[in-house]
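Below is one structure, written out as structure tokens, with a few remarks after it.
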Amino acid sequence: MREWVVKRRERTRHLIELGGLVVKAGLVELTGDDRTTLYGVFLSIAGKLQGEERDHALALWARRGKRAFEAEAEAKSGAMAILPSPPAPPPSAA
């Protein structure tokens, strides 16, 4: 496969994953899927990251994100653990 095709697919996958995070965070629903509002939010975040609070903000957001991912994984594994076992097959008629 051509190198530019591979790079395009990698970029597309990356953008889809980032979009998934926007949805997962609830931003699409909270903003009514208003693209101008979402863009404004991202510009505000970028401004904060360019300021003096950069290191503090990154550390805070990384902790929150890590906790959220861990809670989601725990909820999924817990949900799997409480699912009932499938019913036993009926006895064979002999």
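Values in this text are rule-based calculations from the coordinates and carry no lab data. From a predicted model like this one, the values you see are computed outputs, not experimental measurements. Please note: Cβ atoms are built from the backbone with ideal geometry, for glycine as well, and neighbour counts cover all protein chains shown.
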Neighbour net charge for Ala46 - beta-carbon separation under 14 angstrom, K R +1, D E -1: +1
Rounded to whole Hz, the Karplus (6.51, -1.76, 1.60) HN-Hα couplings of segment 14-19, x for glycine and proline: 4, 5, 5, 4, 5, x
Tell me, in nm to one decimal, what length is gained between Thr31 and Ser77 on full extension, where the rule is 0.36 nm per residue of separation less the Cα-Cα distance? 13.5 nm
